[in-house]
Amino acid sequence: MLFPILGVVAMISAVIFIVRMLHSASQHESGQTAGAMIAWGLGGLFFLVGILFVCGGFLILSFMLTMTVKIHDGGLVVVRRWFRPLHVSWSEVAAIAPPEPGDSSHACRLLLRSGRKEIIERLSLPSIRDHTGQIIPHPDVRLVIDHFLAWQQANGVR
């Protein structure tokens, strides 16, 4: 997660900035008050941005960790915090597109017959390529694909 790291860096930078500005302001008698005001204002702004980044990162992380995907014979149920569950029947699914190796988003997409695309964050896990260049999805994604293919075979759908 990049957000908490950026937040911590911003907070550390803010503290260093405040200390350096206050030290510089104390060197010059005439600009002490103005320098201190600038230091606290800009440093406080950086610190606030850092706190927002850290909180945002942990919010995203908690959202990702509380998401569950339940596979059943008829399809998938994706339970997400703060949203209603997403029910997808296998008959609605046209294809499952696992993440491409090297793709930074690792987005796993369900391509529905209606043309709509659903990104399932819980299945957005990195894929790799084997020695022949074929994509090998993450085992969790592979499990969903196997259930989908078994349903297609059992129902004569292609």
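A few notes on this one:
- Test result for residue 64, under 30 Å from the mean Cα position of the chain (by Cα), surrounded by 13 or more Cβ atoms within 10 Å (Cβ to Cβ) and at pLDDT below 70: yes
- Test: residue 78 is part of a helix (DSSP H, G or I) and either among the small types (Gly, Ala, Ser) or surrounded by 12 or more Cβ atoms within 10 Å (Cβ to Cβ) (or both): no
- Subset of segment 38-47 that is modelled with pLDDT of 70 or more and surrounded by 14 or more Cβ atoms within 10 Å (Cβ to Cβ) - its residue that is nearest to residue 17 (Cα to Cα): 43
- Hits in segment 127-143 (condition: farther than 15 Å from residue 99 by Cβ and within 20 Å of the chain's Cα centre (by Cα)): none
- Single match in 130, 146, 73, 103 (criterion: under 28 Å from residue 5 (Cα atoms), charged (D, E, K, R) and either loosely packed, with under 15 Cβ neighbours inside 10 Å or not assigned by TED's automatic domain parsing to the domain that holds residue 11 (or both)): 103
- From 17, 83, residue being farther than 23 Å from residue 150 by Cβ, among the aromatic types (Phe, Trp, Tyr) and either in a helix (DSSP H, G or I) or modelled with pLDDT of 80 or more (or both): 17
- For the residues 74, 50, 35, 56, the requirement of being at pLDDT below 75 and of a type outside the set (D, E, K, R) singles out 35.
- Which numbered condition residue 47 fails, given (1) within 20 Å of the chain's Cα centre (by Cα); (2) in the same structural domain as residue 15 (by TED's automatic domain parsing): (1)
A quick yes/no check of all residues on (1) in contact with a His (Cβ under 7 Å, 6 or more places away or on another chain); (2) β-branched (Val, Ile, Thr); (3) at pLDDT below 90:
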{"residue": "98", "(1), (2), (3)": "no, no, yes"}
{"residue": "121", "(1), (2), (3)": "no, no, yes"}
{"residue": "124", "(1), (2), (3)": "yes, no, yes"}
{"residue": "127", "(1), (2), (3)": "yes, no, yes"}
{"residue": "130", "(1), (2), (3)": "no, no, yes"}
{"residue": "135", "(1), (2), (3)": "no, yes, yes"}
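The values are calculated or read from the model by the stated rules, or taken from the named source; none is laboratory data. What you see is a predicted model; the values in this text were computed from it and never measured. Neighbour counts are summed over all protein chains in view; Cβ atoms, including those assigned to glycine, are modelled from backbone coordinates with ideal geometry.
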